[in-house]
Amino acid sequence: MSKSQASSEPLATDEALVRAARLGDHEAFREIVDRHGPAMYRYALHLVGDAGDAAEATQEAFVSAWRSLSGFAGRSSLRTWLIRLVHRRAADLQRNRRATPIDDGLMSRLTPAATDNPLQSVLDAELLDALQLALNELPWHQRATWLLREVEEMSYEEISIALAMPIGAVRGHLYRGRRTLAERMARWR
Amino acid sequence: MALDPSPLGRAIRAARAEQPPGWVDLAGSIMSRVRAIVIPSEPILTFTEQGTPARDEQGSGTYVSARVVTAALRRLLQEHPTHAPETIDLRVDDSRLTGIDIRLVARYGVELHPLADTLRPQILEIVEGILGPAPGLDLSTIEIVYVDVTRGDPNRT
């Protein structure tokens, strides 16, 4: 929004921001970027496992959103629509890339020393690295459904819309992804 | 709720709390890309104070992009917490502005007719400030339709 907003003023709703952004309001769109961008970028990062590709997917998703806001009918939430856009861009980028499987030995080498305090590892970046290695080995749809459900905390219905797949398929991919990740991450003790 | 002590449960908590590095720079880059996008927009003929389009003896004309007019009207219509623009459509015929259609969202409790009567002269003043006194464009050619009502400021809710 072009006018200055007092800090005590409640945050604008997504609906109000979309209404203004559709009319070319860059400030309103900036609020949308600030509100939803970090989650989109985080999702893309874990999905593709590469910061450059994730940044490109996120940027292209927002450029696409800006161009097509008039087509956003509000049938899903703005967040779900944006996740759908970044997922599509990430899929486009991945389509031409060859998968690079991670060998099991690498997971073992990342296992921390026995003297480490396990409580501190909650915030340890190595735990996230291990998760990423395990995620990289999951099939694409399992990785996407797991990330959207477990990290972004979206409902099955929202995931179904974002990934354009039936809810039953979401449940199936999620079940298999959870099982595989639990097995792989169990080595991290 | 008990914390999941499993490695996967701890990893999920860490991932949820993660602030992706480089986001601030990326957000700036996104907005630079967005601001650079120029959406095609119709040129609209401007008029002199005498109401003629010719700027010189050769009949040269000056045009302003419809986007400029729409942006100015958007800013005007966002100024007050009583209403917000939903759409702003300019009726252009042969590069001449012949009318303006505005769809507004109003705050609950606002007197709709007086508000529209207040806005029309302001809208006309803005447009004439940009395009000059376009012949045929007057208060009667500015259509205002209320399409929704909100509990609070429609610019924020």
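Go through (1) buried (at least 21 other Cβ atoms within 10 Å of the Cβ); (2) within 19 Å of A:Ser70 (Cα to Cα); (3) at the interface with chain B (Cβ under 7 Å from one of its Cβ atoms) and name the single condition A:Arg42 misses.
(2)
Looking at (1) modelled with pLDDT of 95 or more; (2) touching a Leu at 6+ places or on another chain (Cβ under 8 Å), which one does B:Pro114 not meet, given that it meets all the others?
(2)
Going residue by residue through segment A:89-96, is there one that turns out to be crowded, with 18+ Cβ neighbours inside 10 Å, within 30 Å of B:Ile37 (Cα to Cα) and either modelled with pLDDT of 95 or more or within 14 Å of another protein chain (Cβ to nearest Cβ) (or both)?
yes
Any idea how many residues of segment A:47-59 are in contact with a Lys or Arg (Cβ under 9 Å, 6 or more places away or on another chain) and either within 17 Å of B:Ile39 (Cβ to Cβ) or at the interface with another protein chain (Cβ under 7 Å from one of its Cβ atoms) (or both)?
Number satisfying all stated conditions: 2.
Quick one: in segment B:35-50, which of the residues that are of a type outside the set (A, V, I, L, M, F, W, C) and touching a residue at least 60 places away in the same chain (Cβ under 8 Å) is surrounded by the most Cβ atoms within 10 Å (Cβ to Cβ)?
The extreme case among them is B:Thr46.
Looking at the structure I just gave you, is B:Ser29 of a type in the set (Ser, Thr, Tyr) and over 25 Å from B:Leu139 (Cα atoms)?
Judged against the criteria, B:Ser29 is a match.
Listed residues B:Gln19, B:Gln58; which is more than 17 Å from A:Arg22 (Cα to Cα), out of contact with any Phe, Trp or Tyr (no Cβ under 8 Å at 6 or more places or on another chain), away from every other protein chain (no Cβ under 13 Å) and surrounded by fewer than 18 Cβ atoms within 10 Å (Cβ to Cβ)?
B:Gln58
Would you call B:Ala134 free of Cβ contacts under 8 Å to residues at least 12 places away in the same chain and either surrounded by fewer than 14 Cβ atoms within 10 Å (Cβ to Cβ) or not in a helix (DSSP H, G or I) (or both)?
The answer is no for B:Ala134.
Checking the structure you have, find out if any residue of segment A:111-126 is at pLDDT 80 or above, buried (at least 21 other Cβ atoms within 10 Å of the Cβ) and not assigned by TED's automatic domain parsing to the domain that holds A:Thr58.
Among the residues of segment A:111-126, not one is at pLDDT 80 or above, buried (at least 21 other Cβ atoms within 10 Å of the Cβ) and not assigned by TED's automatic domain parsing to the domain that holds A:Thr58, which makes the answer no.
This table checks each residue for (1) more than 21 Å from the chain's Cα centre (by Cα); (2) at the interface with chain A (Cβ under 10 Å from one of its Cβ atoms); (3) surrounded by 11 or more Cβ atoms within 10 Å (Cβ to Cβ); (4) among the polar types (S, T, N, Q).
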site	(1), (2), (3), (4)
B:Ala11	yes, yes, yes, no
B:Ser29	yes, yes, yes, yes
B:Arg33	no, yes, yes, no
B:Thr52	yes, no, yes, yes
B:Leu73	no, yes, yes, no
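List the pairs whose first member sits in segment A:62-86 and is under 17 Å from A:Ala164 (Cβ atoms) and in a helix (DSSP H, G or I), whose second member is of a type in the set (Phe, Trp, Tyr) and at pLDDT below 95, and whose Cβ atoms are under 7 Å apart, counting only residues at least 6 apart or on separate chains?
A:Trp81/A:Phe72
Taking segment B:35-49 on its own, how many of its residues are facing chain A (nearest Cβ under 10 Å) and of a type in the set (D, E, K, R)?
1
The values are calculated or read from the model by the stated rules, or taken from the named source; none is laboratory data. Predicted model only: the values in this text are computed from it and were never measured. Backbone-built Cβ (ideal geometry, glycine too); neighbour counts: all protein chains shown.
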